[in-house]
Structures are given as C-alpha cells and as structure tokens.
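Asker: Have a look at the structure that comes next, please.
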Amino acid sequence: MTSTEVKGNPNNNSKLEFIFQILVSIILLYNSINRNNNSAIENVYKYSFLVLSIIINICYQLFIKFNFTSKNIRSRSHKNNNDDNKLLVERQQSDWGLGLGISLIPNILLVILLSLNNYNSNSYNNSNNNNHYFTIISLYQISLSVISPLFLFNHINTHRSSKRCNTPLSSSSSSSLSTSTSNIPSLTKKEYTNFIIIFLITLIISFTIFFNNEINFDNLKLTLFLFLFSFIFLVITKQLLYKLPNSFTLGEASIISQIITILLSESIRYFYNFFNNYSSNSYINNDNNNDDRFSRINILYCFYSLILGSLFIVFLNSLFYVAKSLRKLMKDYNNNNNNNNNNNNNNNNNNNNNNNNNNNNNNNNNNNNNNNNNNNNNNNNNNNNNNNNNKLIKNIIIKSGLFYFLVIFIILCMIYPILSYQLNGENPFLWVFEYIGSSDRIKYTIGLWMVLLVFTIFSYQPTIHSSIPMIISRKYFHILAIVMFTPPLLLEGDDDMYKFMVLSYSVSISALILLELLKYSLAPPFALPIKHYMDRFLDDRDSGLITTTHIYLLLGCSIPLFLTFFMDIIHLGGSSSSIVSNSYHFLSPFSGILTIGVGDTMASYFGVKYGKNKWFGSQKSIEGTVAGSIFTIIASLLLYCFCSTSGSSLTIYSILKIIVTSTSCSLMEASTTQIDNLILPLFYFTLINL
C-alpha cells in the first residue's frame with residue numbers, strides 16, 4: 001500500500017458517503033420538480049433545464065463511483081507502469097472526494113433557490129427582484145453542476161496523459177516533482193481540444209438558458225459571465241492543486257474553488273454594475289432607504305472587501321513570486337547554518353582525535369595531517385557558507401520588505417479606500433470602533449474572546465498536555481468555537497449581534513489567510529514563531545505546504561451563518577428592520593457548531609476512550625459515531641426547543657428531521673476521508689433545509 005492510499009479499503013469506506021450524496025441530490029431533484037408550478041420562476045427561463053442539471057450531476061456522481069474506484073485506479077496504474085493514485089490523491093490517507101466536490105455546493109445553491117421560490121409572498125421583494133436573484137443563483141448552480149465537473153475530469157486526464165510519456169517515479173522523486181511548479185504538465189493538443197469542447201458545451205448551455213425567447217444584450221452579458229465564471233473556477237482549481245501539493249484532495253480543492261469563484265464573480269458583477277450606474281447588484285435592494293450606518297449592506301461590503309482583499313494579497317505574492325522566493329531564501333539560509341554547525345562539529349571531533357593521538361604518544365602523523373586537512377576544508381566551507389549567508393541576508397531583507405510592503409499597500413491603498421467609499425467617506429477603522437461601542441453586548445463578547453484567546457496562546461500547549469492524544473488536544477479548539485460563537489448567535493432578537501458575528505468571521509478568515517501566507521513565506525521576524533506554535537497541533541492531514549484544518553474549522557462555523565445572512569438580505573433587503581426572514585431552518589446558522597463543535601468532538605472523545613469496534617474499512621469506531629450522533633441530536637433539540645420562536649410548536653416531523661440530519665452527519669463523518677471540518681457543516685445545512 002502506497003503512502004497516499006487510504007487506510008483500509010477506500011471502496012467500502014466511501015460507499016456510505018456516496019449513498020448520502022446521491023440521496024440528497026435525488027430529494028432536491030424531487031423538490032425542484034414538485035415546486036415547478038410557481039409563476040415567478042417560469043418567467044425567468046426554462047426551469048426544466050435546472051432540473052436537467054441536477055440529473056446530469058447525479059449521472060456524474062454515478063460515473064465517478066463506478067469508474068474512479070481504487071480497484072480501477074490500481075489496474076490502470078499497473079497497466080501503464082505508473083502510480084496514478086499517488087499523483088491524483090493530493091493528500092495522504094484520503095481518497096479523491098470527487099463526489100462531494102461536484103455535488104455539495106450545487107446542492108446548497110439548490111436549497112437557496114427553493115427557499116427563494118417559497119418566499120415569493122414577501123412584501124420586500126417584487127417579482128422582478130425574485131427573477132433577478134433566481135437567474136444569477138441558477139447560473140452558479142448550473143455551472144457548478146454541469147460544467148465544473150468536466151474540468152475536474154479533464155484534470156485527471158491531464159495527469160495521466162502527461163505521465164505516460166515519462167519514466168516511473170519513486171516516492172521521493174514524486175515528492176520533489178510535486179513541489180516544483182516547473183513540472184506542471186504542459187497542455188497537449190488533446191487537452192486543448194478538451195477545453196474547446198467544454199467551452200462549446202458552456203455556449204450551448206447558455207443559449208439554451210438565456211436565449212429561449214430572444215437575443216438581447218442582457219442575455220449576451222449573462223453568457224459572457226457564464227464563460228468567465230467557468231474560467232475562474234478552472235484557474236483557481238489548477239492553482240490550488242499545482243501550487244499547493246498535498247494540501248487538498250480533488251474534492252476539497254473543488255469546494256474551495258467554487259466558494260472563491262462565487263465570491264469573485266459576485267464582486268465582478270458588483271463593480272460592473274457600479275461603474276455602469278446600475279440601480280441594483282446581486283444582493284442589494286435599493287428600494288429600501290439605507291440610512292443605518294451599521295446596516296447589513298455595509299456589513300456585506302466589509303465581508304467582500306476583507307476576504308477578497310486577503311485573497312488578492314495572496315494572488316499578488318503568487319504572481320510576483322515574493323512569498324515563494326522568500327521561502328527558498330530562508331531555507332537556503334537555514335541549510336547553510338546547518339552545514340556550518342556540522343562542519344564545526346567535525347572540526348571539534350578532529351581536534352579531539354589529534355589531542356588523543358598526541359596524548360597517547362602515537363606516531364599517527366598521517367592521521368593528524370588528514371584531520372588537519374579536513375579542518376581546513378571545513379573552515380573553507382564555513383567561509384563560503386558565511387559569504388553566501390551574507391548575500392542571502394541581504395536578499396532576505398529585500399524580499400521581506402517587499403512582502404510586508406505588498407500587504408500594507410493593499411490594505412491602505414485598496415481595501416481602505418474601497419471600504420471608505422462604501423461607508424460614505426467614513427474612516428473604516430473608526431467605523432469599526434464605533435460599531436463595537438454601539439452595543440454593550442458586543443463589548444462584552446469581545447472582552448470574553450480576548451480572555452479566551454490569551455489563555456489559549458499562553459496556557460494551552462500540546463507539550464504541557466502530552467498525556468492527552470493529539471486528536472483530543474485538537475478538539476479543544478472545537479470546544480473553544482462553541483464557547484466563543486454560540487452565545488452571540490443565541491441572541492436571536494439582537495440584529496447587532498447577528499451582523500457582528502458576520503463581521504467577526506470575515507475578519508478572522510482574512511487574518512488566518514494572511515497568517516498562513518506569512519507562515520508559508522517564512523518571512524522574518526514573525527513567521528517562525530507563528531509556524532512553531534501552529535505546527536504543534538498538526539496531524540497527518542496537514543502534510544502539505546500550508547495548514548488547512550484550522551481554516552476549515554473557521555469556514556465550517558462561518559459559512560452557514562454567511563449563507564443565512566445572504567438569504568436574509570435577498571428576502572428582506574439590506575436595511576430591513578426585520579431580524580430574520582424565516583426562509584431557512586432555525587438551526588441553519590448553528591450547523592458548524594453542532595456538527596464539528598459538538599458532534600465531532602464527542603465522537604473523537606468517546607471513540608478514543610471507549611471505541612473498540614471499527615467501521616468496516618475505516619479506522620473510526622462505531623462507539624464514537626453513536627456518541628457523536630446522540631450529542632448532536634441533544635444539542636440540536638435543546639437549541640430548537642429553548643431558543644427558537646417555533647420551539648413551543650415542536651412536532652414529530654421536526655424531531656424526526658433533527659434526528660435524521662444529525663445521524664446522517666455522524667455517519668458521513670465516519671465514512672468520509674475528507675476533512676470533516678469543512679464537509680459536515682455544509683452537509684448539515686443542506687439536510688436541515690430539505
């Protein structure tokens with residue numbers, strides 16, 4: 001078994017995951033067909049094509065299950081004298097995750113579309129607004145369901161076709177290959193042909209959707225936007241897989257690429273509408289008078305500016321090779337220092353040998369001469385290394401200065417002016433402080449967070465708690481997420497806390513992205529202490545150039561809240577006085593906290609402490625899965641009964657829905673080899689809103 005194969009049998013281990021994702025897609029397909037009689041949707045375009053896209057996506061999942069199994073991969077690998085599994089599974093101990101990668105986000109978009117369909121009687125939205133929202137979200141859903149999987153399949157074929165022309169690689173040479181961007185396989189004539197075919201399919205889809213009645217400029221813009229959306233997804237996915245090897249599986253790279261692509265596409269649409277004096281953009285209803293300085297629209301501006309700004313910093317560093325070259329310089333500098341230390345140790349050993357020879361009055365002149373010659377060579381090597389170090393230090397100072405300059409320049413000269421303009425000329429920093437000071441609850445919450453973070457940084461160390469298994473030590477951060485994020489979300493009647501959590505998540509995600517970039521670049525003087533602290537909590541899944549599990553933890557907690565926040569803006573408008581639109585299940589914002597905060601933590605604890613019976617083909621225990629399911633059900637019922645306005649009307653259907661959703665997520669956690677911090681919250685969000 002190679003180092004990149006899944007422990008146990010990947011086929012058996014992924015059967016349950018496959019069954020769940022197929023069932024969810026089929027249920028959404030049934031709901032879509034059942035709700036096809038809404039007149040507001042029929043005025044948008046051929047609704048049947050949206051249903052067809054779901055069917056195509058289900059066919060893709062079946063194709064993946066029966067064509068990309070580990071048995072087929074090994075047979076192709078032996079036939080071609082090549083380890084395809086090693087090349088295509090980008091992270092150790094994981095399968096590809098293609099099924100989840102092509103279905104998870106499209107299913108969530110379908111949930112949003114169905115909620116938009118059900119909310120047609122809202123007085124804040126008229127038919128035109130519903131049609132506008134439905135068109136854009138449907139465009140994303142169809143593109144991710146039908147077109148994006150074709151790019152992933154083409155990526156697999158690119159690997160195979162490029163490797164068949166090469167000699168077999170050992171594991172060590174494969175590792176060195178994956179870390180070099182110069183070894184990215186060049187596109188062959190066949191690959192160019194595949195891309196042309198995929199874009200022709202995109203063109204056919206766009207004509208089918210947008211030109212059903214007439215050809216006009218608005219439909220042409222939507223067609224071009226669909227092409228741009230597909231191209232952005234292609235570029236981001238390839239960059240994640242090639243530039244950051246062993247950090248993502250294909251499925252995880254697909255999910256992250258889909259999320260980033262939607263954010264970038266929305267920002268492009270916003271700026272296009274802004275510069276062309278359009279009256280509205282994707283999520284904003286300008287029919288409402290936006291007099292509130294701390295309105296949801298202003299929070300939305302901050303969300304886009306912070307996250308996309310941090311991603312733009314990463315993009316510029318990648319474009320100009322600042323972080324990569326700085327990382328190489330730091331490694332060369334450390335290698336020279338290690339060589340100097342080795343040479344000094346060798347000199348000391350040689351001197352000790354000379355002294356021993358002299359003390360023993362041995363006539364070992366030849367040995368002494370050899371030792372002296374070795375000392376001279378080592379001294380010469382030290383001198384050369386010192387000269388090289390002097391040059392490296394100068395280059396490191398220059399590159400570090402450029403690295404920090406880019407970060408500060410983008411923050412002060414791009415993010416700051418954009419936010420200031422959106423906030424009607426206000427200073428964004430002062431705006432944030434005034435927003436914090438506008439509510440006592442916000443001030444108390446920040447004070448609690450600061451105490452918890454200081455305690456975590458200075459008091460909680462794996463070396464201090466070495467007797468606790470690492471898998472349990474890491475769950476401390478899951479418990480920390482419960483303590484930090486649950487109380488503000490429980491204040492259902494406080495719109496300020498609701499918006500504050502969205503803003504806080506945005507700041508935290510942006511900070512983690514920049515911290516990971518800093519850690520990757522090894523830029524002095526902050527990178528090494530941060531890397532030293534964060535590396536103490538790594539496990540086998542963090543085997544790539546960057547650490548993803550902590551970012552996934554924050555994304556898992558925040559994405560469900562972001563989704564409900566966007567749905568409220570769609571249904572209620574950006575400056576509505578209403579708190580929530582009731583267009584989603586009450587537990588939706590808590591999806592991350594319930595699954596990875598409660599369920600995953602309890603599953604790990606009971607699995608390590610009491611787990612004896614393993615799931616077939618898995619290293620996870622049945623006892624842990626049962627415990628995770630039970631605690632998730634209990635936590636969900638407690639939240640729903642005592643915190644929801646509809647808790648007093650608890651029905652058998654709502655109880656069964658919570659039980660089925662929680663149990664399904666626990667079984668998914670036991671069956672998937674993807675990082676559950678990202679997968680489980682999105683899966684729970686989808687199920688609870690079916």
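Asker: How would you order 107-113, 452-458 from highest to lowest mean count of nearby Cβ atoms within 10 Å? All intermediate terms of the calculation are to be shown ahead of the outcome.
Answerer: Numbers: 107-113: 23.7, 452-458: 11.0.
Packing order, densest peptide first, comes out as 107-113, 452-458.
Asker: What FRET efficiency comes out for ILE479 versus ILE201 if R0 is 56 angstrom and r is the Cβ-Cβ distance? Round to the nearest 0.05. Before the final figure, lay out the partial values.
Answerer: Details: r = 47 Å, r/R0 = 0.84.
Efficiency at R0 = 56 Å is approximately 0.75.
Asker: Once you place label points 7 Å from the Cα toward the Cβ at LEU545 and ILE655, how far apart are they in nm?
Answerer: 5.4
Asker: Still on this structure, please answer the following. Compute the FRET efficiency between CYS413 and ILE472 as 1/(1 + (r/R0)^6), taking r as their Cβ-Cβ distance and R0 = 45 Å, and round to the nearest 0.05.
Answerer: On the way: r = 45 Å, r/R0 = 1.00.
So, using R0 = 45 Å, E works out to roughly 0.50.
Asker: What is the extension gain from ASP332 to CYS641, computed as 0.36 nm multiplied by their sequence separation minus the C-alpha to C-alpha distance, in nm to one decimal? It would help to have the intermediate numbers written out before the result.
Answerer: Working: separation 309, 0.36 × 309 = 111.24 nm, distance 5.94 nm.
Here the answer is 105.3 nm.
Asker: Students often get this wrong, so check it: of LYS324/LYS531; LYS331/LYS391; LYS328/LYS391; LYS443/LYS475; LYS331/LYS394; LYS15/LYS620, which have C-alpha atoms separated by over 18 Å? Mind dumping the intermediate values first?
Answerer: Values: LYS324/LYS531 16 Å; LYS331/LYS391 14 Å; LYS328/LYS391 14 Å; LYS443/LYS475 27 Å; LYS331/LYS394 14 Å; LYS15/LYS620 15 Å.
Beyond 18 Å between Cα atoms: LYS443/LYS475.
Asker: Keeping the other protein chains in place, figure out the carbon and sulfur percent of the accessible area of the range 624-690, with a 1.4 Å probe.
Answerer: Values: 1760 of 2290 Å².
Here carbon and sulfur together make up 77 percent of the probe-accessible area.
The values are calculated or read from the model by the stated rules, or taken from the named source; none is laboratory data. Keep in mind that what you see is a predicted model, and the values were worked out from it rather than measured. Backbone-built Cβ (ideal geometry, glycine too); neighbour counts: all protein chains shown. Side chains included, ligands, DNA and RNA excluded: accessible areas come from the protein's heavy atoms. Shrake-Rupley method; radii C 1.70, N 1.55, O 1.52, S 1.80 Å.
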